[in-house]
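Asks: Let me give you the structure first, and then I'll get to my questions.
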Amino acid sequence: MKILTSRAGLAKAIKGLKQKNKTIGFVPTMGALHKGHLSLIKIAGELTDVVVVSIFVNPTQFNNPSDLNKYPRPIEKDIELLKASRCEILFLPEISEMYSQNETWNLDLGYLESILEGKFRPGHYQGVTQIVKKLIDVADPDYVFLGQKDFQQVMVLEHMVKALQLPAELVMCPIVREDDGLALSSRNIHLSPEERQKALLLSDSLFEVQKHFDAETIPQLKSKALKILSSEKNVTVEYFEICDAKTLLPVESKESGSIIALVAAKVGSTRLIDNIILK
Ligand code: AMP
């Protein structure tokens, strides 16, 4: 596995691969790799010739400075995991390689920016689109592999790819969970053993809604989920919504062709998200 730290170095490597007609699969990450990330790399390896992974804790997408400061950065362990995976190139830039001073960015994301994650993390999707645009520009991938875990992020990036006519296709990959249902996340490391137990309320609420989806109305399902989520003191719900999976707008009935339930909650001071496709 090659480790490249400069944009020019990555662009050169990609150019060489493209001259050999290799297809490029790109997996952008912020590191602290777990089986969720590794599943994206595996899928990328099955669908493309060369897998490029980036690890970059992108400061512009953090609306909370303490979340950025305490974001885990176990880089040696990450490199070992990547060496044992299908990753051929790790792109590991410094902040100064990706950003100049006082850079600005503004992409019109419409209402997607002010609902759900956008509402609770102002500016987050501007930061996400800003960095992913830069990364796609240098990695020049045929396919970008993204997790359903961040469903709204996939929608926002689809919007960007269309709006800017980027020549890459996005592939959404399933959520990897622990055996008890907890969605894997780099932030789970911050949970104490008791919080780890309480964090199960997120996936529990989603599974409960899935189980009763056919039999109950949307308001009934929502109140069931909220009841579960509010059953522990240390868990603060930010949102639980049942939405049209094409628009992410809340639904009142089950008429939409595809429906998703999404949840965000703080367990202690750790903010977690999860979702499940219901239809
Ligand atoms: P992150 O490092 O958290 O920015 O995540 C990098 C990529 O991995 C994103 O596309 C995430 O959606 C994806 N991802 C994170 N957690 C999971 C998971 N549990 N299962 C599948 N993909 C995930």
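The values are calculated or read from the model by the stated rules, or taken from the named source; none is laboratory data. Bear in mind the structure is a predicted one, so any value in this text is a computation, not a measurement. So basically every Cβ, Gly included, is an ideal-geometry build from the backbone, and we count neighbours across all protein chains shown. Note: areas computed on protein heavy atoms with side chains; ligands, DNA, RNA excluded. Shrake-Rupley method; radii C 1.70, N 1.55, O 1.52, S 1.80 Å.
Asks: Within segment 215-226, can one find any residue that is modelled with pLDDT of 95 or more, loosely packed, with under 14 Cβ neighbours inside 10 Å, closer than 17 Å to ILE260 by Cβ and of a type outside the set (Val, Ile, Thr)?
Replies: Yes, segment 215-226 contains a residue that is modelled with pLDDT of 95 or more, loosely packed, with under 14 Cβ neighbours inside 10 Å, closer than 17 Å to ILE260 by Cβ and of a type outside the set (Val, Ile, Thr).
Asks: For THR60, state whether it is within 16 Å of the chain's Cα centre (by Cα) and more than 11 Å from the ligand (Cβ to nearest atom).
Replies: Details: within 16 Å of the chain's Cα centre (by Cα): yes; more than 11 Å from the ligand (Cβ to nearest atom): yes.
It is true that THR60 is within 16 Å of the chain's Cα centre (by Cα) and more than 11 Å from the ligand (Cβ to nearest atom).
Asks: Tell me, please, whether a residue that is closer than 27 Å to ASP67 by Cβ, not aliphatic (A, V, I, L, M) and not assigned by TED's automatic domain parsing to the domain that holds PRO72 can be found in segment 212-230. Even if it seems obvious, please write down each step before you answer.
Replies: From segment 212-230, those closer than 27 Å to ASP67 by Cβ are 225-226, 228-230; that's our starting set.
Still in the list and also not aliphatic (A, V, I, L, M): 230.
Now drop any that are not not assigned by TED's automatic domain parsing to the domain that holds PRO72, which leaves 230.
Scanning segment 212-230 turns up at least one residue that is closer than 27 Å to ASP67 by Cβ, not aliphatic (A, V, I, L, M) and not assigned by TED's automatic domain parsing to the domain that holds PRO72.
Asks: Could you check SER185 against (1) within 21 Å of the chain's Cα centre (by Cα); (2) touching a residue at least 60 places away in the same chain (Cβ under 8 Å); (3) over 22 Å from ILE260 (Cα atoms) and say which number it fails?
Replies: Going through (1) within 21 Å of the chain's Cα centre (by Cα); (2) touching a residue at least 60 places away in the same chain (Cβ under 8 Å); (3) over 22 Å from ILE260 (Cα atoms) one by one, SER185 breaks only (3).
Asks: Just checking, how many residues over segment 15-37 are within 9 Å of the ligand (Cβ to nearest atom) and not in a strand (DSSP E or B)? Break it down stepwise before answering.
Replies: Start the filter on segment 15-37 by keeping residues that are within 9 Å of the ligand (Cβ to nearest atom), which leaves 27-37.
Narrowing further to those that are not in a strand (DSSP E or B): 30-37.
Total meeting the criteria: 8.
Asks: Does segment 230-243 contain any residue that is open to solvent by less than 50 Å² (accessible area, probe 1.4 Å), in a loop (DSSP other than H, G, I, E, B) and of a type outside the set (D, E, K, R)?
Replies: Checked segment 230-243: no residue is open to solvent by less than 50 Å² (accessible area, probe 1.4 Å), in a loop (DSSP other than H, G, I, E, B) and of a type outside the set (D, E, K, R).
Asks: Can you name the residue in segment 152-171 that is farther than 20 Å from LYS18 by Cα and among the charged types (D, E, K, R) and is also most open to solvent (accessible area, probe 1.4 Å) among such residues?
Replies: So, considering only residues that are farther than 20 Å from LYS18 by Cα and among the charged types (D, E, K, R), the one most open to solvent (accessible area, probe 1.4 Å) is LYS162.
Asks: Related question: Just checking, which of LEU170, LEU201, LEU191 is closer than 21 Å to LEU278 by Cβ and aliphatic (A, V, I, L, M)?
Replies: Details: LEU170 fails: closer than 21 Å to LEU278 by Cβ; LEU191 fails: closer than 21 Å to LEU278 by Cβ.
Selected residue: LEU201, the only one of LEU170, LEU201, LEU191 that is closer than 21 Å to LEU278 by Cβ and aliphatic (A, V, I, L, M).
Asks: Only one of (1) under 28 Å from THR29 (Cα atoms); (2) assigned to a loop (DSSP other than H, G, I, E, B) fails for PHE213. Which number is that?
Replies: For PHE213, the exception is condition (1).
Asks: I'd like to verify a number: residues in segment 172-195 that are open to solvent by 30 Å² or more (accessible area, probe 1.4 Å) and either of a type in the set (A, V, I, L, M, F, W, C) or within 10 Å of the ligand (Cβ to nearest atom) (or both), how many?
Replies: Within segment 172-195, residues that are open to solvent by 30 Å² or more (accessible area, probe 1.4 Å) and either of a type in the set (A, V, I, L, M, F, W, C) or within 10 Å of the ligand (Cβ to nearest atom) (or both) number 8.
Asks: Sticking with this one: For segment 39-59, which residues satisfy the criterion of being open to solvent by 50 Å² or more (accessible area, probe 1.4 Å) and assigned to a helix (DSSP H, G or I)? Spell out how you get there, then give the answer.
Replies: Quick first cut of segment 39-59, residues open to solvent by 50 Å² or more (accessible area, probe 1.4 Å) only: 42, 46-47, 49.
Passing the criteria: LYS42, GLU46, LEU47.
Asks: Could I ask something else about it? Could you list, in sequence order, the residues of segment 39-76 that are acidic (Asp, Glu) and touching a Ser or Thr at 6+ places or on another chain (Cβ under 8 Å)?
Replies: Of the residues in segment 39-76, the ones acidic (Asp, Glu) are 46, 49, 67, 76.
Result: ASP49, single match.
Asks: For segment 1-14, which residues satisfy the criterion of being in contact (Cβ under 8 Å) with a residue 24 or more places away in the chain and not in a loop (DSSP other than H, G, I, E, B)? Reasoning before the result, please.
Replies: Keep residues of segment 1-14 that are in contact (Cβ under 8 Å) with a residue 24 or more places away in the chain, which gives 1-7, 10-11, 13-14.
Of everything in segment 1-14, those that are in contact (Cβ under 8 Å) with a residue 24 or more places away in the chain and not in a loop (DSSP other than H, G, I, E, B) turn out to be LYS2, ILE3, LEU4, ARG7, LEU10, ALA11, ALA13, ILE14.
Asks: Can you confirm whether SER100 is more than 18 Å from the chain's Cα centre (by Cα), assigned to a loop (DSSP other than H, G, I, E, B) and crowded, with 19+ Cβ neighbours inside 10 Å?
Replies: So SER100 does not fit the description; no.
Asks: Being part of a helix (DSSP H, G or I) and either at pLDDT 95 or above or acidic (Asp, Glu) (or both), is that true of even one residue in segment 164-171?
Replies: Here is the first cut: in segment 164-171, the residues part of a helix (DSSP H, G or I) are none.
No: segment 164-171 contains no residue that is part of a helix (DSSP H, G or I) and either at pLDDT 95 or above or acidic (Asp, Glu) (or both).
Asks: Please specify each residue of segment 139-165 satisfying the condition of being in contact (Cβ under 8 Å) with a residue 60 or more places away in the chain, more than 8 Å from the ligand (Cβ to nearest atom) and of a type in the set (A, V, I, L, M). It would help to see each step written out before you state the result.
Replies: Taking segment 139-165 and keeping what is in contact (Cβ under 8 Å) with a residue 60 or more places away in the chain, we get 139-152, 155.
Restricting the remaining residues to those that are more than 8 Å from the ligand (Cβ to nearest atom) gives 139-144, 151-152, 155.
Scanning segment 139-165 gives ALA139, VAL144, MET155.
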